[in-house]
Amino acid sequence: MQSANDFLTLAERDHKACIKMEEDFPDEYAVTAASYHIQQAVEKALKGLILLNGETPEFTRNIAKLSVQCDRIGVALPEQIDDIADTLTLWESTSRYDPFVSFTKNKYETAKTVYNEL
């Protein structure tokens, strides 16, 4: 199992990939890649926080499930995470196999805010 620090380091790498992809917006490849990597950043940050609080993160990519686990162990989360959880999970699952990810700039910016607040 990876350590909390490993997850948090990987989360920051995914976040940096998002920022790099933004240079090429609105290119569809860049949007798809950024959407995937922001989901990965949030997922890994949540798993790192769960580990920091003495628990083992659930084996899932589902942001809502990880958020519930954080709530259960008392990890304070950004308020907007509930608004973006389903979208983030969708971005992860569809971006690998669907060339046309449902993307809005507003949801992407909210996802980045959530990551930064984590």
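The values are calculated or read from the model by the stated rules, or taken from the named source; none is laboratory data. Bear in mind that the values here come from a model prediction, so they are computed numbers and not experimental data. Glycine also receives a Cβ, built like all others from the backbone with ideal geometry; neighbour counts cover every protein chain displayed.
Of all residues being aliphatic (A, V, I, L, M) and surrounded by 14 or more Cβ atoms within 10 Å (Cβ to Cβ) in segment 69-107, which is nearest to the chain's Cα centre (by Cα)? Just the residue, please. Walk me through it before giving the result.
Initial filter on segment 69-107 (aliphatic (A, V, I, L, M)): 73, 75-77, 81, 84-85, 88, 90, 101.
Going one step further and asking which of them are surrounded by 14 or more Cβ atoms within 10 Å (Cβ to Cβ), we end up with 75, 77, 81, 84-85, 88, 90, 101.
Values: VAL75: 16, LEU77: 13, ILE81: 10, ILE84: 9, ALA85: 8, LEU88: 6, LEU90: 11, VAL101: 15 Å.
Ranking the candidates gives LEU88 first.
What residue, of ALA64, ALA17, is surrounded by fewer than 19 Cβ atoms within 10 Å (Cβ to Cβ), closer than 13 Å to THR89 by Cα, of a type in the set (A, V, I, L, M, F, W, C) and modelled with pLDDT of 95 or more? Give the steps one after another, and end with the answer.
Working: ALA17 fails: closer than 13 Å to THR89 by Cα.
Step by step, each of ALA64, ALA17 is checked, and only ALA64 is surrounded by fewer than 19 Cβ atoms within 10 Å (Cβ to Cβ), closer than 13 Å to THR89 by Cα, of a type in the set (A, V, I, L, M, F, W, C) and modelled with pLDDT of 95 or more.
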